[in-house]
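**Student:** Sharing a structure with you now.
The values are calculated or read from the model by the stated rules, or taken from the named source; none is laboratory data. The structure presented is a predicted model; accordingly, all values stated were derived computationally and were not measured. Don't worry about glycine lacking a Cβ; one is built from the backbone with ideal geometry, like all the others, and counts go over all protein chains shown.
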Amino acid sequence: MASETTIARAVLARQQELQVLAEANLSAERRVVFVRLLVFGLVGLAAGLKHPGGGRVDPWMLVAVPCYGTFTAVALWRTLAAKANFRRALFFNFFLPTVDFAFLAVADWRTLVNGTAVPEHAAALGALFMTFALLRTPGSIVYSTALAVAAYLALALLRGTATSFGTLTVLASFLSLGVLLWRSNLALGKMFVSLRRRDNLSRFLAAPLVERLLAGGEAALQPVQREVTVLFLDVRNFTGMSEHLAPREVLEFLDDLLGRMAHIVKAHDGIVNKFLGDGMLAFWGVPSPKADHARAALRAALDMRRDLEELNGVRERRGQAPIRIGIGIHTGLVAAGMLGGADQHEYTVIGDSVNLASRIESLTKQLGVDILVSQSAWQSAGPGFSGGRMAEERVKGREEAVVVHALDAYAGTPRQAAAG
């Protein structure tokens, strides 16, 4: 049975989807409203306010044209001032097409009465008004199609051509266009929602993992207990550095540095779980299993060191102090899954292994190295890495001493080294 939080998340996800669709709807209506202005001018000019024979004003058009003009002005104001909201979108989805087709029906009816009816006029504008519904709701497309068919059929009945080949062709075209718009609307809606979801996931997942999650659905984020590799990174003496910087400069400094480090993590198929002030937590092995998660983490740490050396070279030429970091890596069991309420949650890992990785990072200051790897991570990473085993150290919160290794370099597996 689903928990209340799971149900709430599903409801929130649906609300977010509706919001995305409402934003697309409003964006489309802001373009349509200018086309409607053009249609108003052309239809008003084509229909005319005077009977061509007697020169008198047609009372129906005398009322219809100003009313549609007022409606067009109101629609312009509403679309430009409105904020995206799915319930308010009903104004766009049903009220607007009702008025559009009502004006079209009145205009064509009066041209028929006045003896100036042009069937192509009703067919062309009917199809145009239908396309206005492309980025509305599927129900609005069905409604617009029904209005187009009803308006044209009513005029054909008045002309006595309801069963003619031309009328049947136009009606069939309306129905075909309606089906095409309906199918396109569904595809576009899914595309907008998928793009927004992909954008949100891409903020903390590597691109390959995003694709796997999108393909696997929410089941890919279900809680699991699995062996993973956790990496903690911390900037040394950040407090002292930030004292001489303005708040904006502090944020720009961290944004640049942690952005570089996060890019490296993602390049090695890892997940940047969170930024912790001047630090970062990343992990490998969930939500998608990764057999070489420890090896990927160690190689990412070496790339971080290399990138930092290049950055410090630039800073040295500018006369700036070098940046120092500490990295702690540990492999062990964790619980992984979504954590938090319905409206604010994240995919994260928890457990003693996470805490131990943080404690190992703290040891880098004490032992005077920048990268420390636990015994379990060192063994899981396999051959190819060089470094020195440090003495067993006790860390806060654990009774047993922890064996750590200072990571120096990666030479590849024996086969890779021979090939090189």
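**Student:** Quick one: what pairs do we get from the stretch 125-148, first residue over 26 Å from Val193 (Cβ atoms), second acidic (Asp, Glu) and not in a helix (DSSP H, G or I), C-beta under 7 Å, 6+ apart or different chains?
**Tutor:** Short answer, once both residue conditions are applied: none.
**Student:** Checking Gly328 against (1) under 30 Å from Glu249 (Cβ atoms); (2) outside any strand (DSSP E or B): exactly one of these is not met. Which one?
**Tutor:** Failing condition for Gly328: (2).
So that you can scan it fast, the table gives a plain yes or no per residue for (1) in contact (Cβ under 8 Å) with a residue 24 or more places away in the chain; (2) surrounded by fewer than 21 Cβ atoms within 10 Å (Cβ to Cβ):
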{"position": "Asn355", "(1), (2)": "yes, yes"}
{"position": "Gly368", "(1), (2)": "no, yes"}
{"position": "Ile371", "(1), (2)": "yes, no"}
{"position": "Ser376", "(1), (2)": "yes, yes"}
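**Student:** Is at least one residue of the stretch 335-352 at pLDDT 90 or above and either touching a His at 6+ places or on another chain (Cβ under 6 Å) or in a helix (DSSP H, G or I) (or both)?
**Tutor:** Checked against the condition, which is being at pLDDT 90 or above and either touching a His at 6+ places or on another chain (Cβ under 6 Å) or in a helix (DSSP H, G or I) (or both), the stretch 335-352 yields at least one hit.
**Student:** Given (1) out of contact with any helix residue (DSSP H, G or I) (no Cβ under 6 Å at 6 or more places or on another chain); (2) farther than 23 Å from Val224 by Cβ; (3) not hydroxyl-bearing (Ser, Thr, Tyr), identify the lone condition not met by Val349.
**Tutor:** (2)
**Student:** All but one of (1) over 30 Å from the mean Cα position of the chain (by Cα); (2) assigned to a helix (DSSP H, G or I); (3) surrounded by fewer than 16 Cβ atoms within 10 Å (Cβ to Cβ) hold for Gln320, so report the exception by its number.
**Tutor:** (2)
**Student:** Which one is surrounded by the most Cβ atoms within 10 Å (Cβ to Cβ) among residues in the stretch 229-282 that are of a type in the set (S, T, N, Q) and in contact (Cβ under 8 Å) with a residue 60 or more places away in the chain?
**Tutor:** My answer is Thr229.
**Student:** Give the residues of the stretch 283-301 that are surrounded by fewer than 19 Cβ atoms within 10 Å (Cβ to Cβ) and aliphatic (A, V, I, L, M), sorted by residue number.
**Tutor:** Once the filter is applied, which keeps residues that are surrounded by fewer than 19 Cβ atoms within 10 Å (Cβ to Cβ) and aliphatic (A, V, I, L, M), the stretch 283-301 yields only Ala291.
**Student:** Have a look at Leu125, Leu135, Leu181, Leu155 and point out the one that is of a type in the set (A, V, I, L, M, F, W, C), surrounded by 22 or more Cβ atoms within 10 Å (Cβ to Cβ) and outside any helix (DSSP H, G or I).
**Tutor:** After applying the criteria, what remains is Leu135.
**Student:** Exactly one condition in (1) touching a strand residue (DSSP E or B) at 6+ places or on another chain (Cβ under 6 Å); (2) closer than 28 Å to Leu363 by Cβ is not met by Pro223; state its number.
**Tutor:** So the condition that Pro223 fails would be (2).
**Student:** Here is a follow-up. Exactly one condition in (1) surrounded by 23 or more Cβ atoms within 10 Å (Cβ to Cβ); (2) of a type in the set (S, T, N, Q); (3) out of contact with any Phe, Trp or Tyr (no Cβ under 8 Å at 6 or more places or on another chain) is false for Asn114; which is it?
**Tutor:** (1)
**Student:** Can you tell me which residue is modelled with the lowest pLDDT among those in the stretch 226-260 that are over 26 Å from Leu363 (Cβ atoms) and of a type in the set (Asp, Glu)?
**Tutor:** Glu249
**Student:** For Ser164, indicate whether it is more than 20 Å from Tyr68 (Cα to Cα), of a type in the set (Ser, Thr, Tyr) and either touching a residue at least 12 places away in the same chain (Cβ under 8 Å) or not assigned by TED's automatic domain parsing to the domain that holds Thr79 (or both).
**Tutor:** No.
**Student:** Given the criterion closer than 21 Å to Ala28 by Cα and modelled with pLDDT of 85 or more, identify the matching residue among Gly178, Gly166, Gly189.
**Tutor:** Gly178
**Student:** Additional query: Testing Val118 on (1) under 27 Å from the mean Cα position of the chain (by Cα); (2) modelled with pLDDT under 75, one condition comes back false. Which one is that?
**Tutor:** It fails just one condition, (1).
**Student:** A follow-up question, please. Is there a residue in the stretch 218-229 that is over 25 Å from the mean Cα position of the chain (by Cα) and of a type in the set (A, V, I, L, M, F, W, C)?
**Tutor:** yes
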